[in-house]
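J.: Take this structure, written in structure tokens, and hold onto it; I'll ask about it next.
The values are calculated or read from the model by the stated rules, or taken from the named source; none is laboratory data. Computed from a predicted structure; not experimentally measured. Counting neighbours? That spans all protein chains shown, and the Cβs are built from the backbone with ideal geometry, glycine included.
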Amino acid sequence: MTDTSFGPKGWTPARLGNLAGKTYVITGANAGAGFQAARILLSKGAKVVMLNRSAEKSAAAVKELKQEFGSSAEVSFVRMDLAEQASVRAAAEEVLKIVPRIDALICNAAIAQVPTRQLTPDGFESQLGTNHYGHFTLCSMLFDRIEQSKGRIVVVASLGYNMGLKTIRFDDMNWDESYGANTAYSQSKLAQMMFAYELQDRLAAAGRTDVEVFVCHPGSSATSLISTSGSRTMRVIWWLMTKTPMVQTAEQGSYPEVMCATEEALTEQRALYGPTGTREFVGPVGRGTLNAHAYDKKVMVRLWERSETDTGFSWSL
Ligand SMILES: NC(=O)c1ccc[n+]([C@@H]2O[C@H](COP(=O)([O-])OP(=O)(O)OC[C@H]3O[C@@H](n4cnc5c(N)ncnc54)[C@H](OP(=O)(O)O)[C@@H]3O)[C@@H](O)[C@H]2O)c1
């Protein structure tokens, strides 16, 4: 699918104006696409608050960014382990204390291709618990602040939603049976997308139009995703892939999320934004293909209700 809205080169940060006075909260911003998104936003004068699990890596990231943009660059972090609901809640409470406005919350952090089934401290399969349930609670707790700021929620998804079961396995969400690293990852990313599309529907039904919700993916980008949580075999395969034109840089991988957080001309929310070149892995950034199983209404509603039950967090929507 070719989207020419932003010209033949697609969306690039050249479209960004001065972002002074804007605040972006990014999960998992000490590495990969999240770090690159932070860099781009800071380069335009925005304030960036990173929600990261490692204090050490975060301190190093803040140091690097201040070296690049000067000591007055407004970049800070709040420690948050997305895999632990208690940590997410504590981090959200801290954000509400110290961040008066949120122009966009970028749900970027994730783990992927975890080779053996693991459970989070709350008993969720690790990828579902981190990628979906962690962000579900975070978004709900920060929602009012985002709404007061007329801000956006950006969900960073994956083309992996087209793999695996292409639906949610409600009778065994935590993969007690037949766990597969890729199928479980794919389900977690599909769940994140369904959350976003269902949130769009609920906001529209409630007439609450101040918050926009966008879904994007970085295509295939050379980040630390696979080296952090993938198996040795996956790491070798991925390393070989990064030597081909089918993988772009982490910086290019951050463009869709920066676009979704900032671009005023973006109006279509029921969409998937990302690279539009070969297999939508790489290339000019714009609106890509969105397959209908990602917004299967019955599944979305059931997932929302199940997520509220499992996290113990009810939205007012
Ligand atoms: N790279 C690709 O080709 C690709 C393809 C499709 C989708 N994506 C999506 O793109 C997004 C960004 O990933 P990336 O490729 O940039 O990977 P990455 O380099 O591994 O960055 C992921 C970030 O998430 C953080 N994170 C992981 N678990 C966390 C937790 N429990 N709590 C808080 N933060 C946590 C990581 O922190 P640590 O540094 O502490 O590990 C890191 O900062 C993800 O949503 C991923 O699913 C990537």
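J.: Quick one: which helices (runs of 4 or more DSSP H) sit completely within region 149-254 and have at least 1 residues that are at pLDDT 95 or above? Walk me through how you get there before you give the answer.
T.: Values: elements: 181-205, 225-229, 232-241.
Those helices (runs of 4 or more DSSP H) span 181-205.
J.: Could you list, in sequence order, the residues of region 69-85 that are part of a helix (DSSP H, G or I) and either surrounded by fewer than 22 Cβ atoms within 10 Å (Cβ to Cβ) or within 10 Å of the ligand (Cβ to nearest atom) (or both)? Can you show your working first?
T.: The initial filter retains those residues of region 69-85 that are part of a helix (DSSP H, G or I), namely 69, 85.
Answer for region 69-85, where residues must be part of a helix (DSSP H, G or I) and either surrounded by fewer than 22 Cβ atoms within 10 Å (Cβ to Cβ) or within 10 Å of the ligand (Cβ to nearest atom) (or both): just Phe69.
J.: Regarding region 266-275, can at least one residue be identified that is of a type outside the set (Val, Ile, Thr), over 27 Å from Asp3 (Cβ atoms) and crowded, with 17+ Cβ neighbours inside 10 Å? Working first, answer last.
T.: Filtering region 266-275 for residues of a type outside the set (Val, Ile, Thr) gives 266, 268-275.
Going one step further and asking which of them are over 27 Å from Asp3 (Cβ atoms), we end up with none.
Within region 266-275, not a single residue is of a type outside the set (Val, Ile, Thr), over 27 Å from Asp3 (Cβ atoms) and crowded, with 17+ Cβ neighbours inside 10 Å.
J.: Only one of Leu65, Leu19 is more than 16 Å from the ligand (Cβ to nearest atom) and either more than 18 Å from the chain's Cα centre (by Cα) or among the small types (Gly, Ala, Ser) (or both). Can you tell me which?
T.: On the way: Leu65 fails: more than 16 Å from the ligand (Cβ to nearest atom).
That would be Leu19, the only listed residue that is more than 16 Å from the ligand (Cβ to nearest atom) and either more than 18 Å from the chain's Cα centre (by Cα) or among the small types (Gly, Ala, Ser) (or both).
Condition check ((1) over 17 Å from Ala112 (Cα atoms); (2) within 11 Å of the ligand (Cβ to nearest atom)) across all residues:
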| site | (1), (2) |
| --- | --- |
| Gly219 | no, yes |
| Ser229 | no, yes |
| Trp239 | no, no |
| Met259 | yes, no |
| Gly277 | yes, no |
| Gly283 | yes, no |
| Leu290 | yes, no |
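J.: Cβ contacts < 7 Å: first residue under 20 Å from Glu84 (Cβ atoms) and part of a strand (DSSP E or B), restricted to region 45-68; second residue of a type in the set (Asp, Glu) and within 12 Å of the ligand (Cβ to nearest atom), any location; separation 6+ or different chain. Result?
T.: Between residues of region 45-68 that are under 20 Å from Glu84 (Cβ atoms) and part of a strand (DSSP E or B) and residues that are of a type in the set (Asp, Glu) and within 12 Å of the ligand (Cβ to nearest atom), there is no close pair.
J.: Quick test for you: out of Gln127, Gln113, pick the one residue that is surrounded by 20 or more Cβ atoms within 10 Å (Cβ to Cβ), assigned to a loop (DSSP other than H, G, I, E, B) and not hydrophobic (A, V, I, L, M, F, W, C). Full working, then the answer.
T.: Working: Gln127 fails: assigned to a loop (DSSP other than H, G, I, E, B).
Sole residue among the options that is surrounded by 20 or more Cβ atoms within 10 Å (Cβ to Cβ), assigned to a loop (DSSP other than H, G, I, E, B) and not hydrophobic (A, V, I, L, M, F, W, C): Gln113.
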